[in-house]
Amino acid sequence: MTLNPADPAFAARLSVLLPQGVLRAPEPRYLEEPRGRYQGQAGILALPRTVEQVSILVREANGARVPVVPYGGGTGLVGGQVMPEGPAPMVLSLERMPAIRAVYPQENVIIAEAGAILADIQAAAQDAGRLFPLSLAAEGSARIGGNLSTNAGGVNVLRYGNARDLCLGLEAVLPSGEIWHGLSRLRKDNTGYDLKNLLIGAEGTLGVITAASLKLSPVPAGAGTAVFSVRDPEAAIALLALARDRTGESVSAFELIHRQGLEFLAEALPQVRQPFAEAPEWSVLIELGLPRGLDPADTLTGLFAAAQDAGLSADGVIAQSDAQRQMLWSVREHIPVANKAIGAVSSHDVSVPVSEIPAFIEQGRKAVAALGDFRINCFGHLGDGNLHYNVFPPRGRTRDAYKAVRDAVQETVHGLVHAFGGSFSAEHGVGRMKTGDLERYGDPVRLAAMSAVKNALDPNGIMNPGAVLKLN
Ligand SMILES: Cc1cc2nc3c(=O)[nH]c(=O)nc-3n(C[C@H](O)[C@H](O)[C@H](O)COP(=O)(O)OP(=O)(O)OC[C@H]3O[C@@H](n4cnc5c(N)ncnc54)[C@H](O)[C@@H]3O)c2cc1C
């Protein structure tokens with residue numbers, strides 16, 4: 001399909017149909033992405049305020065065969081929000097649609113426009129005495145339209161599910177420009193194909209999400225946080241089972257941390273206070289959200305004693321105050337920042353079945369060692385089987401010296417993940433970075449069905465070309 005650039009003639013035609021100020025030239029920040037791997041091109045930047053304006057923008061782009069790249073907070077890590085090749089696109093940012101349209105505390109539902117920043121939705125839920133549990137380090141910038149389009153995960157998936165699990169309905173503009181009014185508040189609605197779940201995780205390739213109805217939860221009465229050393233990843237899995245046996249569904253986060261991450265933290269961010277005088281090889285950060293009547297520190301103390309008795313843990317720090325809870329979380333949250341400062345040769349956001357994690361880590365270590373002298377920082381959401389598996393140069397070397405082996409490292413890690421029945425992208429999506437992996441590891445029947453859906457909904461191929469599915 002031949003596409004045309006969002007050039008001045010197209011902009012002039014559009015400006016007749018829209019109020020002043022909706023269109024302008026994109027500033028550089030709309031053309032960059034957090035890891036600096038892709039540089040987008042400058043077409044037009046569209047900043048609609050209403051779903052009707054989004055509809056006009058997409059309808060006209062479809063008529064003129066101009067590519068459209070939806071843009072949320074720009075925090076995506078796989079290059080989905082920037083288009084480096086092909087005709088310069090219309091970047092369609094939802095930032096002027098940030099409204100919380102309604103909150104229904106009794107139904108545990110909130111309706112937010114796609115441009116609402118995730119942290120603002122959390123705050124609106126809190127104001128209503130409720131919890132919106134989606135939480136990730138980029139929540140101060142990422143917008144809910146982007147979160148849904150990438151089916152974001154984060155630290156609370158274990159208890160509350162990912163973005164998909166938290167969405168009840170959508171309002172969206174399809175590639176034709178038609179508006180789908182699907183802001184359902186229903187928890188039961190068995191009436192045919194699920195368009196909502198097609199658009200979630202589609203990374204802007206099937207339409208533009210303009211608003212969403214989202215599930216809220218009761219706020220747990222007490223929150224407890226602890227870091228326990230664990231003998232090895234197998235002991236971490238056993239500890240998770242123990243914690244669930246003792247506290248039911250109260251475990252909201254269970255994060256595996258490797259000594260390498262703590263060493264990077266000490267090296268790159270020495271001001272971040274660490275819980276242990278001497279970093280253990282493996283540790284876990286546990287977060288409990290408890291009902292009334294259960295004291296968080298007592299519950300964690302009981303869990304630690306049981307873990308010690310079972311030979312799973314030898315050392316632990318249990319937060320006794322909110323400040324200490326924040327201190328423990330700050331360690332986990334700064335590990336990616338330290339990783340960035342050190343500079344990975346190759347970063348992987350993978351998942352494998354939880355019980356396969358120990359074998360995967362062991363085989364991964366051997367396979368990567370066979371490629372060279374690397375340091376591995378493997379950490380992440382253990383309870384979801386989701387590991388951030390990042391490979392770094394040896395001390396004193398920089399990643400630039402390892403460009404030639406980057407692809408080999410990636411292929412080795414993703415190949416192993418595939419062999420373990422895992423996914424090469426647990427959280428971040430496919431974007432432009434992982435289209436090759438999708439072609440390589442994706443089930444051919446599923447890929448054909450995906451192409452058929454794309455062609456049916458977007459026959460002119462205007463929506464985020466080159467993301468998720470490779471251009472032919
Ligand atoms: C420090 C940091 C930590 C992170 N931690 C996590 C984590 O723990 N878990 C996790 O899952 N991700 C994480 N991410 C990745 C990122 O924050 C998520 O992918 C997030 O959901 C992207 O939201 P966004 O609004 O920034 O989307 P953008 O980056 O703007 O866009 C992402 C994709 O969605 C499309 N899109 C955006 N808005 C819409 C819309 N309204 N309609 C249709 N398509 C749209 C874009 O075209 C693009 O393909 C992290 C990123 C950073 C920088």
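Here, each number is a calculation from the coordinates, and none is a lab measurement. Treat the numbers as computed from the prediction; the structure is a model and nothing was measured. Cβ sites come from the backbone with ideal geometry, for glycine too, and all protein chains shown count toward neighbours.
Take the Cα of residue 12, go 7 Å toward its beta carbon, and the backbone nitrogen atoms of the stretch 32-56 under 17 Å from that spot belong to 44. Panel note: the C-alpha atoms of the stretch 283-361, placed on their principal axes, show extents of 47, 31, 24 Å (largest first). With a simple spin-label model that places each label point 7 Å from the Cα along the Cα-to-Cβ direction, the separation between residue 107 and residue 281 comes to 5.3 nm. The alpha carbon radius of gyration of the stretch 343-419, expressed as a multiple of 2.2 N^0.38 Å, is 1.05. Across the stretch 74-88, rounded Karplus estimates of 3J(HN,Hα) from the backbone phi angles (6.51 cos²θ - 1.76 cosθ + 1.60, θ = phi - 60°) give x, 9, x, 10, 10, x, x, 8, 10, 10, x, 10, x, x, 4 Hz, Gly and Pro being marked x. Only alpha carbons enter this Debye calculation for the stretch 222-340, each as an equal point scatterer, and the log10 of I(q)/I(0) it gives at q = 0.10, 0.18, 0.22 Å⁻¹ is -0.27, -0.88, -1.26. Ranked by the mean number of other Cβ atoms within 10 Å per residue, highest first, peptides 442-450, 271-279 order as 271-279, 442-450. The stretch 235-251 and the stretch 335-413 have Cα centres lying 26 Å from one another. Extension gain, residue 221-residue 29: 0.36 nm per intervening residue step, less the Cα-Cα distance, totals 65.1 nm.
Expressed per residue, the C-alpha convex hull volume of the stretch 33-97 stands at 74 Å³. The phi-based Karplus calculation (6.51 cos²θ - 1.76 cosθ + 1.60; θ = phi - 60°) puts the 3J(HN,Hα) values of the stretch 287-304 at 10, 10, x, 10, x, 3, x, 10, 7, x, 5, 5, 4, 6, 5, x, 5, 5 Hz, whole numbers, x for Gly and Pro. Tell me, Kirkwood radius of the stretch 140-238 from alpha-carbon pair distances, in Å? So the Kirkwood estimate lands at 15.7 Å.
Mean separation of Cα pairs under 8 Å and 6 or more residues apart, divided by the residue count, gives the chain a relative contact order of 16 percent. Helix 51-64 and the longest principal axis of the Cα set of the chain meet at an angle near 60°.
Ellipticity at 222 nm from helices only: DSSP H runs of n ≥ 4 in the chain, each -39500 (n - 2.57), divided by the residue count, give -10500 deg cm²/dmol. At R0 = 45 Å, how high is the FRET efficiency between residue 314 and residue 164 if r is their beta carbon distance? Nearest 0.05 is fine. Efficiency for this residue pair is about 0.70.
Expressed as an acute angle from 0 to 90° and rounded to the nearest 10, what is the orientation of the C-alpha long axis of helix 259-268 relative to the principal long axis of the chain? Roughly 70 degrees between the two axes.
Annotation: amide H-H contacts under 5 Å for residue 290 (H modelled 1.01 Å from N, sequence separation of 5 or more, or interchain): 221, 222, 223, 224. Along the Cα→Cβ direction, 7 angstrom out, place labels at residue 447 and residue 355. What is the inter-label distance in nm? Using points 7 Å along Cα→Cβ, the separation is 3.1 nm. Taking the chain as the reference, fit the longest principal axis to its C-alpha atoms, fit the long axis of helix 322-342 to the helix C-alpha atoms, and give the angle between the two in degrees, 0 to 90, nearest 10. It is inclined by approximately 70 degrees.
Kirkwood analysis of the chain, using all unique Cα-Cα pairs, places the hydrodynamic radius at 23.4 Å.
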